[in-house]
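The structure appears right after this line, and notes come after that.
No lab work stands behind these numbers, since they all come straight from the coordinates. Not measured: the values here are computed from a predicted model. Heads up, the Cβs are rebuilt from the backbone with ideal geometry, glycines too, and the neighbour counts pull from every protein chain shown.
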């Protein structure tokens, strides 16, 4: 006579898959509903509400946010706005030309140029540039 072996299947609560799905949805919802905190460096945290609002609403011509992934850096160096709308910056590393879609139109309330970028080791990713007194 054949001997019956006990099942090695894990016994779970019949409602567990549904509960697990609900927990996952709740966690994803909580993460998505958490407000994004502005990445203000301490030296810029005291800016006026007008200037802070201006920074938060800057997007380049392709609709990419300037402040979402990059920091805005005051730019006091020399730059030239080229006839095609691009801008050439004089940086310590040499000249760098940003395409026209990264150059922001309109007034800049800071009184100086702002350059949004992020450095990754030796690579730099550019996001936006807002001319200062030349605009």
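Data overview
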quantity	calculated
Likely footprinting exposure, 55, 129, fewest C-beta neighbours within 10 Å first	55, 129
Beta bridges per DSSP with both ends in the stretch 42-130, % antiparallel, nearest 5	95
Calculated diffusion of the stretch 42-130, Stokes-Einstein form, Kirkwood radius summed over Cα pairs, 20 °C and 1.002 mPa s, µm²/s	158
Gain on full stretching of the segment that runs from residue 92 to residue 61 - 0.36 nm per residue minus C-alpha separation	8.5 nm
Least to most buried among 76, 115 (fewest other Cβ within 10 Å first)	76, 115
